[in-house]
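The values are calculated or read from the model by the stated rules, or taken from the named source; none is laboratory data. Predicted, not measured: the structure shown is a model, and the values here were computed from it. A quick note on method: Cβ atoms are made from the backbone with ideal geometry, for glycine too, and the neighbour counts reach across all protein chains shown. In case anyone asks, the SASA skips ligands and DNA or RNA and just uses the protein heavy atoms, side chains included. Shrake-Rupley method; radii C 1.70, N 1.55, O 1.52, S 1.80 Å.
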Amino acid sequence: MKRGYNLKKVLTLLLLLAVALLGACSSNEASSKTSDGKSDVQKIIVGTGTQFPNICFLDEEGNLTGYDVELVRAIDEKLEEYEFEFKTMDFSNLLLSLETNKIDFIAHQMEVNEERQEKFLFNEVPYNVFPLKVTVHQDNGSIQSIDDLAGKKIATTATSNAAVYIEKYNKENNLGAEIIYTSSSSDIVNQLRTGRVDATISTPFAADFLNEQSDAQQKVVGDTLLNSNVYFLLQKGNTTLQKRIDEALTELKEDGTVSALSNEWLGADYSVEF
């Protein structure tokens, strides 16, 4: 009789334990839902840099900010199913990180070229126009256009569209320029200011920022070399995220947020109408 009683007691305890575990699972499942019953938000890793003036850089307090950064944060607020997290690195490492799935998309003023189109996916709504121009020291009066760079030293960021452009122009026009590659805008500033290079390929808003923040002593000259649209760059096939980014970006354009951010960070409205 006692043995039967003990068996009954054990079965009762096992039943109570099962109920408790089921309750815990139900609680965890409930906590994995948002307040409106949706599934967990998906974390999205956004690759960007810290060396691009006005675009993605560290302010005086060491905080990541800039036009691309704040725009991504505004998009993040629109997309409840996602949580964006920034991962910073040298620009030259961004494409490899995207290709190896270490990040989900790049926010770093990415322009379209054939190589990128073959490997990756651009969103469809541009968020900026990127005007590349020859940039020289403020006291340089001999360089007024790209053709004046014949035989000169030009500093540029490896794998950037500025690098792609000047490499192609240099080859096709027998410019005979020496291209110096670097991963740091501060290095380009120092080389240009000290005369170790003759020019770089940059934008008016980058030159203005560097002049104000670090006495870069730069000026842009000549015609715009390349005036291309700027997009976010995603992993190939990630069309769901692409679509949602475009929907949020469209809303932010329509409500004036994109224009306001461009004016705040770039000094003018470089946003693209569509």
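Some notes on this structure:
- Of all residues assigned to the range 145-161, at least one qualifies as being touching a helix residue (DSSP H, G or I) at 6+ places or on another chain (Cβ under 6 Å), surrounded by 17 or more Cβ atoms within 10 Å (Cβ to Cβ), assigned to a loop (DSSP other than H, G, I, E, B) and not basic (Lys, Arg).
- Output for the range 176-190, where each listed residue is open to solvent by 40 Å² or more (accessible area, probe 1.4 Å), small (Gly, Ala, Ser) and not in a helix (DSSP H, G or I): 176, 183
- Matching residues, the range 41-63, being free of Cβ contacts under 8 Å to residues at least 40 places away in the same chain, in a strand (DSSP E or B) and either in the same structural domain as residue 201 (by the TED database) or open to solvent by 30 Å² or more (accessible area, probe 1.4 Å) (or both): 58
- Condition check for residue 118: outside any helix (DSSP H, G or I), surrounded by fewer than 18 Cβ atoms within 10 Å (Cβ to Cβ) and assigned by the TED database to the domain that holds residue 93: no
For every residue, the table says whether it meets (1) outside any strand (DSSP E or B); (2) at negative phi; (3) surrounded by fewer than 14 Cβ atoms within 10 Å (Cβ to Cβ); (4) over 24 Å from the mean Cα position of the chain (by Cα).
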site: 174; (1), (2), (3), (4): yes, no, yes, yes
site: 192; (1), (2), (3), (4): yes, yes, no, yes
site: 197; (1), (2), (3), (4): yes, yes, no, yes
site: 206; (1), (2), (3), (4): yes, yes, no, no
site: 212; (1), (2), (3), (4): yes, yes, yes, no
site: 221; (1), (2), (3), (4): no, yes, no, yes
site: 225; (1), (2), (3), (4): no, yes, no, no
site: 230; (1), (2), (3), (4): no, yes, no, no
site: 234; (1), (2), (3), (4): no, yes, no, no
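- The listed residues are 104, 90, 76, 139, and the only one of them that is acidic (Asp, Glu), open to solvent by 50 Å² or more (accessible area, probe 1.4 Å) and closer than 21 Å to residue 52 by Cβ turns out to be 90.
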